[in-house]
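Contents: one structure, followed by commentary.
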Amino acid sequence: MAAFLPKTLAFATCDVFTTERFAGNPLAIVLGADDVSDQAMQTIAREFNLSETIFVQTPDDPAHTAKVRIFFPTAEIPFAGHPTIGCAIHLATKAQPSGDFDTDITLEEQAGLVPVRVWRKNGVTRAEFQAPVVPFKAEQGTTPEAEVLARALGISATDIGFGEHSPGIFEGGPRFMYVPVKDLTALAQARPMEPAWSQAIEIGAVDNAYLYTPSQTGFQARMFSPTAGIPEDPATGSASAILAAQLLAAGHLKEGETQLTLTQGLEMGRPSQIGFRARVKNGALDAVFISGSAVPVSTGHIQAG
């Protein structure tokens, strides 16, 4: 039975990690959600049926911009990148609908405080957030062998890995299984294959696989999470942030700052461009930043009852 909604709720949708509508990752932003129950939020997220829906509430600390709750169609999650970018841009542009600007926003997420810088220049609005948790090697799960991953993804075991990059599981709020693949051909061929997929994610104690391979600007990626209601995600900001730990383990990040661009969603016809910036001090990750644009698509209301 659908949960009762206490009032009419305004919402907006936008496409994130793109400057063009109908590309990137679509997001639903539900406003004025202070009195909405957990059950109702989950019901609304399932109704939108996007990879994530974000609910905006009054912050616990008035010095912050907003408290937010983020939901998959199937469950709440502590942190996610494209809702953070999209929501921050929505709130900033609502406050300043025209002209160039540069402002700071702080979102209270379950994973912690997320500072976001939002700016508009020459008609393009972008945002950059600092990951609330510095990613680290996962404490749960075992990385499946290449043969197991190959069966789960419908590719060859020889397609798994390149250079010093091998599969690993890392977390920073959410937890992701990272699978480097040797080239764009293998990346395009990959897809979850049962029953091997369920076996692989059980071994890894995850519900996803993030695949990546070298590109001209950094890496091209795909992210599958069918058991979370996301057959494939056009852009995954949280996985992009946590990728920093995977790249550090592979020796790809050097002392100081590394910047690159992650491309995702091409195989889905929703190309996404994700800015990645990681800082390493004394051989350890110090901070990770993810950036991108968002464009508005629609507005409306969800009726109570």
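Any read-out appearing in this document is the output of simple, stated calculations on the displayed coordinates, not a laboratory observation. For clarity, every value in this text was computed on a predicted model and none was experimentally measured. Backbone-built Cβ (ideal geometry, glycine too); neighbour counts: all protein chains shown.
Overview of values
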{"quantity": "Label-to-label distance, nm, for residues given as residue 20 and residue 110 (7 Å Cα→Cβ offset)", "calculated": "3.5"}
{"quantity": "Potential lengthening between residue 191 and residue 101 on full extension [0.36 nm per residue; Cα-Cα distance subtracted]", "calculated": "28.2 nm"}
{"quantity": "Principal semi-axes in Å for the chain [√(5λ), Cα gyration tensor, largest first]", "calculated": "31, 22, 18"}
{"quantity": "The range 4-69: C-alpha gyration tensor shape, a/c 1.5 cut-off, then a/b vs b/c", "calculated": "oblate"}
{"quantity": "Residue exposure sequence - 47, 139 - by fewest surrounding Cβ within 10 Å", "calculated": "139, 47"}
{"quantity": "Global geometry of the range 206-275, whether rounded, prolate or oblate, following the gyration tensor of its Cα atoms and the 1.5 cut on a/c", "calculated": "oblate"}
{"quantity": "Paramagnetic reach from residue 286 (point 7 Å along Cα→Cβ, amide N under 20 Å) across the range 225-264", "calculated": "241-260"}
{"quantity": "Potential lengthening between residue 47 and residue 147 on full extension [0.36 nm per residue; Cα-Cα distance subtracted]", "calculated": "32.2 nm"}
{"quantity": "Per-residue [θ]222 nm for the chain (sum of -39500 (n - 2.57) over DSSP H runs n ≥ 4, rounded to 500)", "calculated": "-6000 deg cm²/dmol"}
{"quantity": "Exposure proxy order (Cβ contacts within 10 Å, fewest to most) of 48, 224", "calculated": "48, 224"}
{"quantity": "Relative contact order, percent, the range 136-292 [alpha-carbon distance under 8 Å, six or more residues apart]", "calculated": "19"}
{"quantity": "Whole-Å distance, taken between Cα centres, linking the range 248-305 and the range 114-193", "calculated": "11"}
{"quantity": "Alpha-carbon Rg with Dmax, taken over the range 243-292, Å", "calculated": "12.3, 40"}
{"quantity": "Cα shape, the range 27-184, gyration tensor, a/c 1.5 rule", "calculated": "prolate"}
{"quantity": "Paramagnetic label zone (point 7 Å from Cα along Cα-to-C-beta, residue 199; backbone N under 18 Å) in the range 139-181", "calculated": "142-160"}
{"quantity": "Lysine pairs with alpha-carbon atoms under 30 Å apart, the chain, spacing 8 or more or separate chains", "calculated": "12"}
{"quantity": "Rounded to 10°, Cα long-axis angle of helix 237-249 versus longest principal axis of the chain", "calculated": "30"}
{"quantity": "Relative packing of 255-262, 86-93, which averages over residues the other C-beta atoms within 10 Å, highest first", "calculated": "86-93, 255-262"}
{"quantity": "Most to least packed among 234-244, 267-277 [average Cβ atoms within 10 Å]", "calculated": "234-244, 267-277"}
{"quantity": "Ranked list, fewest to most other Cβ atoms within 10 Å of each Cβ, for 108, 202", "calculated": "202, 108"}
{"quantity": "Sites residue 75 and residue 10 - FRET efficiency at Förster radius 25 Å, r taken between beta-carbons, to 0.05", "calculated": "0.55"}
{"quantity": "For the range 136-292, radius of gyration divided by Kirkwood radius, i.e. Rg to Rh on alpha-carbons", "calculated": "0.93"}
{"quantity": "Highest to lowest packing among 146-153, 7-14, 157-164, scored as the average C-beta count within 10 Å", "calculated": "146-153, 7-14, 157-164"}
